[in-house]
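A short worksheet on the structure shown next.
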Amino acid sequence: MKKIILALIIVLTMSGCVNINNTTIDELIEVTMNSKYNLFNHQNKGFKYYLPRELFIVSDDEYNEVIKSKHYDYYLYVDLVRYFNEMKEDFKEDSSLYYSKVFEYDNHKGIINIKQDDEEYLIKANYNYATIQVKVKKEDINSAVSNIMVILSSIQYNKDVVKNLLEEERINSVDEQVKVFDDELTEDDILDFEEEYEEEEYNPDMIN
């Protein structure tokens with residue numbers, strides 16, 4: 001019964017029926033991770049997940065995606081190599097940041113770090129062999145965290161497809177990641193990454 005109630009809270013949250021700005025970040029993480037959010041409306045090679053309705057895909061490949069909202073760009077990186085090799089991840093909270101939280105669910109550890117950068121806040125979350133990063137204004141932190149946690153917690157992998165991708169040598173190394181996910185991310189790094197996709201047309205139909 002508790003699971004059903006928690007799942008309903010998430011659905012109501014994402015449909016705008018609950019004011020998530022009145023909820024703490026800790027509560028958003030807990031509710032989302034315990035909701036068993038098993039709906040899917042977006043599929044890539046080797047994995048699928050639920051994409052909140054106000055978001056759409058700008059560009060994707062086997063393991064990187066740019067996800068667009070009305071005001072912000074979310075950068076998703078899925079580490080298929082670490083998933084396939086079932087590599088354990090260890091995270092440490094950073095008390096120097098605006099917010100830093102390590103959490104654990106379903107035998108997977110995760111972390112959300114939020115770093116203040118002038119008048120904006122850089123949110124970086126890792127969970128379930130995936131990373132999402134976005135830069136937002138303070139009043140949009142909770143909605144961004146909610147979107148991030150729904151995506152990360154709903155990711156499911158297809159091991160056979162992932163195996164085929166690895167055998168075809170489409171992924172070169174365990175440590176291969178786009179620059180945007182470096183720990184010392186700057187605004188220039190984000191702009192450089194955006195320029196790579198500036199010629200891509202938005203295609204909301206990709207989530208269907």
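Just so you know, all these numbers are worked out from the coordinates, no wet-lab data involved. Given the structure is predicted, the values throughout are model-derived calculations rather than measurements. FYI the Cβ positions are ideal-geometry reconstructions off the backbone, even for glycines, and counts take in every protein chain you see.
Here are the numbers:
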| quantity | calculated |
| --- | --- |
| Ranked by how many other beta carbons lie within 10 Å on average, peptides 125-136, 51-62 from highest | 125-136, 51-62 |
| Burial ranking of peptide ranges 92-101, 67-76, 20-29 (average Cβ count within 10 Å, highest at the top) | 67-76, 20-29, 92-101 |
| Which listed pairs, of LYS101/LYS135; LYS135/LYS159; LYS70/LYS92; LYS45/LYS92, have C-alpha distances above 29 Å, in listed order | LYS135/LYS159; LYS70/LYS92; LYS45/LYS92 |
